[in-house]
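What follows is a single structure, written as structure tokens, with notes after it.
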Amino acid sequence: MNSNNKIQQKLRHEAGALLEQNKVDLIIGFEPGSLKFTTTPLITRDKGDLDRLVINPFIVNNLAVFLPDIKGPDLKGPKLKGRVAIVAKGCDGRSIVSLIQDNKVRRDNLVILGIPCPGMIELRKVEKLTGKDRDELDDIIREGDKVVITVDGKASEFPISDVLFDNCLGCEFPTPQDYDILLGEPTAPFAERSAGQARILKGISPQERWEFWRREFRRCIRCYACRNICPSCFCQRCFVEESEPQWLMPVPRWQENLMFQAIRTIHLAGRCSDCGECERSCPVNIPLRSLTREMYDLVDELFHFKAGMAKDAPPLMTHYEQEEAKDLIR
Amino acid sequence: MNTEWEPQLVGFLCKWCSYGGADLAGTSRKKYPPNIRIIKVPCSGRVDPLFILKALQLGFDGVLISGCHPGDCHYQTGNYRARRRVAITKKFLEYMGIEPERIQASWISASEAGKFVEVVTEVTEGLREIGPNRLFDEQQQQNTTEAAA
Amino acid sequence: MNHKKINKKDLGNLLHQWSKDYTIFVPSNEGDTAQMGLWDGSDTGFLDWYRNTAKPPKANFLPPVEEMFRFQKGKEGHSIKLPSQEHQQLIFGIRPCDGRSLAILDNIFTDAYQDPYYLPRREGAVLVGLGCLKPYDTCFCTSLGISPGESNDVDLMLTDTGDEFLIEEISDKGKQLMELTAGLEDATEDDTARASEAKGKAHDKVTRKIDTQHLSHKLLSTFEDETYWEKVAAKCIACGICTFLCPTCHCFDISDEMVKKEGARFRCWDSCAFPLYTKMPMENPREEKWQRVRQKVCHKFEFYPMAFDVIACTGCGRCIRLCPVNWDICQTLGQLPG
Amino acid sequence: MTASNRSRFLAQGNVYLPHIMVIEKIIDETPGVRTFHFNFKDEKLRDEFSFESGQFGEYSVFGVGEATFCISSSPTRRDHLEFTLQRVGKVTNALHRLGVGAEIGFRGPYGNSFPLDLLQGKNLVFVGGGIGLAPLRSLIWNVLDNRDKYNDIHIIYGARSPADLCFKYDLDAWGNNETVNMVTTVDRGDESWKGREGFVPQVLEQVAPSAENAIAIVCGPPIMIRFTFPVLEKLGFRPEQMVTTLEKRMKCGIGKCGRCNIGNIYVCRDGPVFTYAQIKSFISSEY
């Protein structure tokens, strides 16, 4: 689309200037993926790579995941020494701020290239809508609040809300909270955000909810994609890898799987920006965002805290108010 | 047929306040339900959500976290942090389907033997009402009242 | 050789017949995730949507987690009890790439020591292959000597000829099964011709290619090229998707559990993508992410062929299709310097 | 060397099932290192079992897990088996908590062994560091029990401090053996230490055993091994004259679980004993 093209042009230009003027050492952005309708993270020091940078409705990854020097248990990320310019949508931007709050990255080492985000297209939804797999689709074109999907040469139009990620539909802050350069004009969130609330389990009994999760987590293979794709999961050593004491067996049984995800989500309290990457990356389609969004809403309800809004604010769990959550304690 | 099920409760008690309260209850020969197993912790702020979930996974029917009253923490702010943690854990696990009655928190000072007795009694009775913890059993939870009936 | 055929509408009856001797597994969709699941006894609706499973059929032989044995501590010391095993499974609809993957896995589980869990399952199982007419854009099986419509690694091979399936006997086991199977029609020459046409078409639909010539040599000369591997690995998030869901990855972990004097030893999938996999108390030979990515690539395309003379990749494309950052093995192989 | 061994190890039945063993004696070697004497609970198996110096086993504490250690006793001494371990993790900690009479699981022996046929008639130079003496010790006793088959024997052993020296009873025995040239060294001595000071590779260079008709057998921490090979080369040893045993994280012990590979070599199946010539030709530098 036109505006994307313009933003893309500007991005390449700005990124090139930053590298050229030695203001940053590394660019983290998106380039076209190897498959139709996909993009892939581009992490480069090479100016020659920059004409591959893209902005389109498929730039789904939360690139903040690459920022902490150390990611996961003894798991070193790419060598990010020096200053980094990073492309950030609204949710990515909040993850970055959250990392700054947690002292995982320094603001003055970053140049944030903000993207006002109109929402990303979820291919699973397109597949459901058309009854076709991604590779069988001819084209997906976003036109404002419509999307035109072409299958077997036949184009059909749908409202954009039919194909956007739930977290995009429920997004409160599509424009990054903190940026150095904003590519494009700030965007407003969707007026009607209830579709993205993800409280899919409200109104059923605790037993039914537990039964639901028990069933879902039977499928989990413990590939840890949810953890490794998550910018807020930056522990050097994850509790599941502790051996003394061994909190969890490393085997993918539903009891352990469920406990892993419960504790992981609790660790995300006040950090999760609802980017939905955990759910998107899950190879067995466990609705993980239902959990993270619940946590997102919970911290807002209980402590009026939203993750990644102010880089100078203390992280949720290191802070307290005299009067809060009193009714939960006897 | 009629099973002699008794609720099993694990209590993480802060060594400065609540543990003293429990101690006092004992030395002053107050009666409280024998269903609680007490683990002394240096501060209620030491209680990791993992402890709570692990206790439930091991089959305990409920978990009680107890520390000093707000403002009285030996380490100044430990209990305030515990409060945030407990609030989030309790509410979140409720969403996952764990009955809120199974996760309880209280402020009990070293002199409040009476409150300790009261809290343990109430929590135990609450657990008796909701029945045994079958959360992590392999098979789907049958009618929980069946065992009690 | 004379082949048989069956009308698609009668497939349920056929599976029902087989279910008397075998536990039947068919492509099933659990929570939008395709895998070889227990057949419910009637549904053949998978024929409408099935292209390939996300969870590879290796899971039926090397399950994500299995109990190796149980132990008990009594007055007389420890005693060990082996679990009983259900061996007679029939997997319907396995794709040629996945058929090959099991043949590849057989190497490792028969090498030097016979694996007492995998092999009995393998020996007891019947694989009914189903030719692939609609390969994904991630498929590159033809570069690895596999044709989407044909397989010598299964026991029976089915080809979609429109309203019917042509059934070919591939192995002795398949032949025996056919002898016991009633109610099948003989295929005509016309049927066979239509089947081979379908196979040819399918073969041409696989457009993604890798060049396996000199691959081993290139990997060897690139092995110490840290810059290349670091660049390749930069966007990898080191999760276990590509290895767990790879039909030929077979690495596993062994761990114990004990509750109240009774316990079990488990074996479960493990992945070279995880740093803990090789971590020793004092050092870790593959601490860095790029070393682990290199290990994954080299194991499949260099080390495994050195040991067993076959590339440990079938071109099924799962690792590309399911990767959350679109890390593409074909690109990595295609851009190898040297 | 590996191919012939493979068929020999072909096991019957379930290879993952451990034998129940009983701990008969525990020796504290250093504050963190213990030697366990153990034996098959089933007395029939005591006679049936055989192994060679350099082979290893998988030891388990039921309910905790399995870990890999070499058999540190000599096959020439059959009344019991020994293994030696440092407490570093979950399983080793659990093993250290066990007492005499406790039961452990054992499966093995796995892997290849020191090439005795190659060593016969040669001058032998044993170079060991720290707990790395455990596999060497099996071989040294093996050699000493057949003393007439071998020529000169040098043993150069070192540890960080006098307290870190393992198998002090063996060191004494070898020191008192007139047919052995025994040198013990520590990185840093204390008041009571009257022996040599210095790192093993340096001491090796000072002792300077001749490479003529000799084989060097090296085992110790990786850093020591890396510095020892160049010294041996300087002394005139060819890569074929240097033998070592490698350590990797292992789970299955039988070449299936995947983690102990170096290039196309599985240390558990193709090793753990290699000549330096073999290691040099590995594709991977990950050893």
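The values are calculated or read from the model by the stated rules, or taken from the named source; none is laboratory data. All of these numbers come straight from a predicted model, not from anything done at the bench. Methodologically, a virtual Cβ is constructed for each residue, glycine included, from the backbone with ideal geometry; neighbour enumeration extends over all protein chains shown.
Among the residues of segment A:3-46, the ones that are closer than 30 Å to A:Lys132 by Cβ, of a type in the set (Gly, Ala, Ser) and touching a residue at least 40 places away in the same chain (Cβ under 8 Å) come to 2 in all. The condition of being in a strand (DSSP E or B) and either out of contact with any Cys (no Cβ under 6 Å at 6 or more places or on another chain) or over 23 Å from C:Glu283 (Cβ atoms) (or both) holds for only one of D:Ala211, D:Ala216, that being D:Ala216.
Considering segment C:251-268, and only residues there that are more than 7 Å from every other protein chain (Cβ to nearest Cβ) and not basic (Lys, Arg), the residue that is nearest to C:Phe109 (Cα to Cα) turns out to be C:Ala264. Elements of the type helices (runs of 4 or more DSSP H) sitting completely within segment A:202-290 and holding at least 1 residues that are within 15 Å of the chain's Cα centre (by Cα) and more than 7 Å from every other protein chain (Cβ to nearest Cβ): these cover A:225-228, A:277-281.
A quick yes/no check of all residues on (1) under 29 Å from A:Glu136 (Cα atoms); (2) not aliphatic (A, V, I, L, M):
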| residue | (1), (2) |
| --- | --- |
| C:Thr23 | no, yes |
| C:Thr33 | yes, yes |
| C:Leu38 | yes, no |
| C:Tyr50 | yes, yes |
| C:Lys58 | yes, yes |
| C:Glu66 | no, yes |
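Does C:Cys236 meet the test of being more than 7 Å from chain D (Cβ to nearest Cβ), under 18 Å from the mean Cα position of the chain (by Cα), under 26 Å from A:Asn62 (Cα atoms) and of a type in the set (A, V, I, L, M, F, W, C)? No; evaluated as a whole, the condition is false for this residue.
Using the structure shown, decide if B:Ala87 is surrounded by 15 or more Cβ atoms within 10 Å (Cβ to Cβ), in a helix (DSSP H, G or I) and touching a Gly at 6+ places or on another chain (Cβ under 9 Å).
Here the answer is no, as B:Ala87 does not meet what is asked.
Only a single item in (1) surrounded by fewer than 18 Cβ atoms within 10 Å (Cβ to Cβ); (2) in contact with a Pro (Cβ under 8 Å, 6 or more places away or on another chain) is not met by D:Gly198, and it is number (2). One residue is enough: does segment D:211-226 have a residue meeting the conditions of a type in the set (Gly, Ala, Ser), more than 26 Å from C:Glu302 (Cβ to Cβ) and within 14 Å of another protein chain (Cβ to nearest Cβ)? There is at least one residue in segment D:211-226 that is of a type in the set (Gly, Ala, Ser), more than 26 Å from C:Glu302 (Cβ to Cβ) and within 14 Å of another protein chain (Cβ to nearest Cβ).
Within segment A:291-324, the residues that satisfy the criterion of being among the acidic types (Asp, Glu) and either within 12 Å of chain B (Cβ to nearest Cβ) or closer than 30 Å to C:Thr33 by Cα (or both) are A:Glu294, A:Asp297, A:Asp300, A:Glu301, A:Glu321, A:Glu323, A:Glu324.
Condition check ((1) more than 15 Å from A:Ile286 (Cβ to Cβ); (2) surrounded by 21 or more Cβ atoms within 10 Å (Cβ to Cβ)) across all residues:
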{"position": "A:Arg222", "(1), (2)": "no, yes"}
{"position": "A:Arg237", "(1), (2)": "yes, no"}
{"position": "A:Glu242", "(1), (2)": "yes, no"}
{"position": "A:Leu248", "(1), (2)": "yes, yes"}
{"position": "A:Met259", "(1), (2)": "no, yes"}
{"position": "A:Ile263", "(1), (2)": "yes, yes"}
{"position": "A:Ile266", "(1), (2)": "yes, yes"}
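With respect to the conditions (1) within 27 Å of A:Gly131 (Cβ to Cβ); (2) in a loop (DSSP other than H, G, I, E, B), A:Thr150 falls short on a single one, namely (2).
One line per residue, one yes/no per condition, for (1) assigned by TED's automatic domain parsing to the domain that holds C:Asn326; (2) surrounded by fewer than 21 Cβ atoms within 10 Å (Cβ to Cβ); (3) at pLDDT below 95:
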{"position": "C:Ala233", "(1), (2), (3)": "yes, no, yes"}
{"position": "C:Cys246", "(1), (2), (3)": "yes, no, no"}
{"position": "C:Lys261", "(1), (2), (3)": "no, yes, yes"}
{"position": "C:Lys289", "(1), (2), (3)": "yes, no, yes"}
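Between B:Arg46, B:Arg81, B:Arg102, which is without any contact (Cβ under 8 Å) to a residue 60 or more places away in the chain, within 28 Å of A:Phe239 (Cα to Cα), among the basic types (Lys, Arg) and crowded, with 23+ Cβ neighbours inside 10 Å? Explain how you work it out, then say what you get.
Details: B:Arg46 fails: crowded, with 23+ Cβ neighbours inside 10 Å; B:Arg81 fails: crowded, with 23+ Cβ neighbours inside 10 Å.
Checking each option against the conditions leaves just B:Arg102.
The number of residues in segment C:125-169 being within 14 Å of chain A (Cβ to nearest Cβ), more than 16 Å from C:Ala195 (Cα to Cα) and of a type in the set (A, V, I, L, M) comes to 0. Selection over segment A:13-47 of residues that are basic (Lys, Arg) and more than 21 Å from C:Val325 (Cβ to Cβ) gives a count of 2. Here A:Arg107 clears all of (1) basic (Lys, Arg); (2) modelled with pLDDT of 95 or more; (3) touching a helix residue (DSSP H, G or I) at 6+ places or on another chain (Cβ under 7 Å) except the condition numbered (2). Within segment D:75-115, the only residue that satisfies the criterion of being of a type in the set (Lys, Arg) and crowded, with 20+ Cβ neighbours inside 10 Å is D:Arg107.
Yes or no, residue by residue, for (1) touching a strand residue (DSSP E or B) at 6+ places or on another chain (Cβ under 7 Å); (2) closer than 29 Å to A:Leu164 by Cβ:
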| site | (1), (2) |
| --- | --- |
| A:Glu241 | no, no |
| A:Pro250 | yes, no |
| A:Asn257 | no, yes |
| A:Thr265 | no, yes |
| A:Leu268 | no, yes |
| A:Asn285 | yes, yes |
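Name every residue in segment A:158-193 that is surrounded by fewer than 12 Cβ atoms within 10 Å (Cβ to Cβ) and without any contact (Cβ under 8 Å) to a residue 24 or more places away in the chain, in order of residue number. The answer is A:Pro159, A:Ala188, A:Ala191, A:Glu192.
Could you tell me whether C:Arg121 is more than 14 Å from chain A (Cβ to nearest Cβ), in contact with a Cys (Cβ under 9 Å, 6 or more places away or on another chain), under 23 Å from C:Thr243 (Cβ atoms) and of a type outside the set (A, V, I, L, M, F, W, C)? Give the derivation first.
On the way: more than 14 Å from chain A (Cβ to nearest Cβ): yes; in contact with a Cys (Cβ under 9 Å, 6 or more places away or on another chain): no; under 23 Å from C:Thr243 (Cβ atoms): yes; of a type outside the set (A, V, I, L, M, F, W, C): yes.
Judged against the criteria, C:Arg121 is not a match.
Every test in (1) part of a helix (DSSP H, G or I); (2) away from every other protein chain (no Cβ under 13 Å) is passed by B:Leu93 save one, and that test is (2). Strands (runs of 3 or more DSSP E) fully within segment D:80-145 that include at least 2 residues being under 24 Å from D:Tyr169 (Cβ atoms) and among the aliphatic types (A, V, I, L, M): D:81-86, D:123-129. So which of A:Asp102, A:Asp135 ends up being in contact with an Asp or Glu (Cβ under 8 Å, 6 or more places away or on another chain), at pLDDT 90 or above and of a type in the set (D, E, K, R)? Of A:Asp102, A:Asp135, the one residue that is in contact with an Asp or Glu (Cβ under 8 Å, 6 or more places away or on another chain), at pLDDT 90 or above and of a type in the set (D, E, K, R) is A:Asp135.
Just to be sure before I move on: is C:Ala202 more than 21 Å from the chain's Cα centre (by Cα) and either within 14 Å of another protein chain (Cβ to nearest Cβ) or surrounded by 17 or more Cβ atoms within 10 Å (Cβ to Cβ) (or both) in the structure I sent? So that I can check it myself, show each step before the final result.
Values: more than 21 Å from the chain's Cα centre (by Cα): no; either within 14 Å of another protein chain (Cβ to nearest Cβ) or surrounded by 17 or more Cβ atoms within 10 Å (Cβ to Cβ) (or both): yes.
Criteria not met by C:Ala202.
Just one of the listed residues (D:Ser50, D:Ser60, D:Ser72) is surrounded by 15 or more Cβ atoms within 10 Å (Cβ to Cβ) and assigned to a loop (DSSP other than H, G, I, E, B), and it is D:Ser72. Scan segment B:43-82 for residues that are out of contact with any Ser or Thr (no Cβ under 7 Å at 6 or more places or on another chain) and assigned to a loop (DSSP other than H, G, I, E, B) and the total you get is 14. Evaluating B:Val120 against the criteria (1) of a type in the set (A, V, I, L, M); (2) facing another protein chain (nearest Cβ under 9 Å); (3) in a helix (DSSP H, G or I) leaves one unmet condition, (2).
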